[in-house]
Amino acid sequence: MTQDELKALVGQAATAYVQPGSVIGVGTGSTANYFIDALGRMKPGVAGAVASSERTAERLRGLGIRVLDANDVSSLAVYIDGADEIDHQGCMIKGGGGALTREKIVADLAERFVCIADESKLVQTLGRFALPVEVIPIARALVTRRLRSMGGEAVLREGFVTDNGCLILDVHGLTISDPAAVEREISQWPGVVTTGVFARNRASVCLLGTPGGVRTITF
Ligand code: 5RP
């Protein structure tokens, strides 16, 4: 099976975690897109969704799914999204698509994070995928130096501006053996909007696409 077929498989499987008539959180990326398409086919469908990016909001609306503002929702039963890497504790690197800040906000509103990913995303230790860090433009150089002092080489994502008007640094060379500590540390630096380490908002369940079918990992 191709990587896209595995993504489509878990996108479809994730609909089992959606209560018809509920309001859910929806992630961003190619795997999340397969989920959105499957959501569009669900009958009866959801009452609405909080989107983690403008792209996702547009796709949801295109399928006739009502998009709600995160400010108008006090909690969500579930948030469904992909990941760039996920470890055996459910901690993730996210933000390959640059939507990490809104993803973390919507995930924080949800009682459960269901991660959907093809099997290549499951890792022993996070860090092979460059860690995205969203920064306010004026802090770019300062944060780059701080990241270097912790062993990471930050590369500015050229020509990319987030939905929040900020920049993304992709940080190479980090081995993230304590995701919660790395998330706490980077998050407190002035100018950092969000780090792509999702430890506090880690997955509760991962639906992993494998050639043998969907493997469900519960954390
Ligand atoms: C976007 C994300 C995505 O979930 C992550 O990049 C995985 O993307 P894909 O499903 O396309 O492999 O965090 O900001």
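Which far-off residues, 5 or more places away or on another chain, put their amide H under 5 Å from the one on Ile24, with H placed in the peptide plane?
Gly48, Ala49, Val50
Could you list which residues have their amide H under 5 Å from that of Ala110, counting only those 5 or more apart in sequence or on another chain, with H placed in the peptide plane?
For Ala110, the qualifying residues are Leu76.
For the chain, what's the relative contact order in percent, using C-alpha pairs closer than 8 Å and at least 6 residues apart?
On the way: 505 pairs, mean separation 48.7, N = 219.
Relative contact order of the chain: 22 percent.
With label points built 7 Å along Cα→Cβ from the Cα atoms of Asp37 and Asp108, find their separation and express it in nm.
So the label points at Asp37 and Asp108 sit 3.3 nm apart.
Can you tell me the equivalent ellipsoid semi-axes for region 111-207? Use √(5λ) from the Cα gyration tensor, largest first, whole Å.
Numbers: eigenvalues 107, 46, 35 Å².
Computed over region 111-207, the values are 23, 15, 13 Å.
For the chain, report the accessible area per residue in Å² (1.4 Å probe, heavy atoms, rounded to an integer). It would help to have the intermediate numbers written out before the result.
On the way: 9870 Å² over 219 residues.
For the chain, the solvent-accessible area averages 45 Å² per residue.
Over the chain, what is the percentage of antiparallel beta bridges among all DSSP beta bridges, to the nearest 5?
Values: 23 of 41 bridges.
Once the DSSP bridges in the chain are tallied, antiparallel ones form about 55 percent.
So what is the calculated 222 nm ellipticity per residue for the chain, using -39500 (n - 2.57) for each DSSP H run with n of 4 or more, over all residues, to the nearest 500 deg cm²/dmol? Please report the intermediate quantities before stating the final value.
Working: 6 runs with 61 residues, N = 219.
Dividing the helical sum by the residues of the chain leaves -8000 deg cm²/dmol.
Among all the lysines, which ones have a C-alpha under 26 Å from Lys104's C-alpha, if same-chain residues fewer than 8 places away are not counted?
Lys7, Lys94, Lys121
Sticking with the crude label model, points 7 Å out along Cα→Cβ, report the distance from Ser177 to Asn164 in nm, one decimal please.
About 3.0 nm, to one decimal.
Any idea how far apart Met150 and Thr2 come out in nm if each label point goes 7 Å out from Cα toward Cβ?
3.8 nm
Scan the chain and report its longest stretch carrying no GluC sites (Glu not before Pro) that are both in a DSSP loop and have at most 13 other Cβ atoms within 10 Å. List each step's numbers first, then the result.
Working: sites that count: Glu111, Glu158.
After excluding every exposed loop site, the longest remaining stretch is 1-110.
With all protein chains present, how much of the accessible area of the chain (probe radius 1.4 Å) comes from carbon and sulfur, to the nearest whole percent? Mind dumping the intermediate values first?
On the way: 4790 of 9870 Å².
Ligands and nucleic acids excluded, carbon and sulfur give 49 percent.
Between Val214 and Asp72, what FRET efficiency comes out of the Förster formula 1/(1 + (r/R0)^6) with R0 = 30 Å and r the beta carbon distance, rounded to 0.05? Numbers along the way, then the final one.
Working: r = 33 Å, r/R0 = 1.09.
The value I calculate is 0.35.
List the residues, sorted by chain then number, that are 5 or more residues from Leu126 or on another chain and whose placed amide H is less than 5 Å from its amide H.
Amide H to amide H, under 5 Å and 5 or more residues apart or across chains, Leu126 pairs with Ile176.
Which three lengths, in whole Å and largest first, does the chain cover when its Cα atoms are put on their principal axes?
The Cα atoms of the chain stretch 52, 38, 29 Å along their principal axes.
May I ask for the Rg/Rh ratio of region 112-168, computed from Cα atoms with Rh as the Kirkwood radius, given to two decimals? Show your work: numbers first, answer last.
Values: Rg = 14.1 Å, Rh = 13.5 Å.
Looking at region 112-168, the ratio lands at 1.04.
Using the Karplus curve 6.51 cos²θ - 1.76 cosθ + 1.60 with θ = phi - 60°, what ³J(HN,Hα) values do you get for each residue of region 132-137, in whole Hz, with x for Gly and Pro?
Ordered by residue, 3J(HN,Hα) equals x, 10, 8, 10, 6, x Hz.
In region 17-116, if every C-alpha pair distance is counted and binned at 10 Å from zero, what percent goes to each bin?
Distribution as computed: 17, 56, 25, 2 percent.
The values are calculated or read from the model by the stated rules, or taken from the named source; none is laboratory data. Quick caveat: nothing in here was measured; it's all calculated off a predicted structure. Note that each Cβ is placed from the backbone with ideal geometry, even for glycine, and that neighbours are counted across all protein chains shown. Keep in mind that these areas ignore ligands, DNA and RNA; they rest on the heavy atoms of the full protein, side chains included. Shrake-Rupley method; radii C 1.70, N 1.55, O 1.52, S 1.80 Å.
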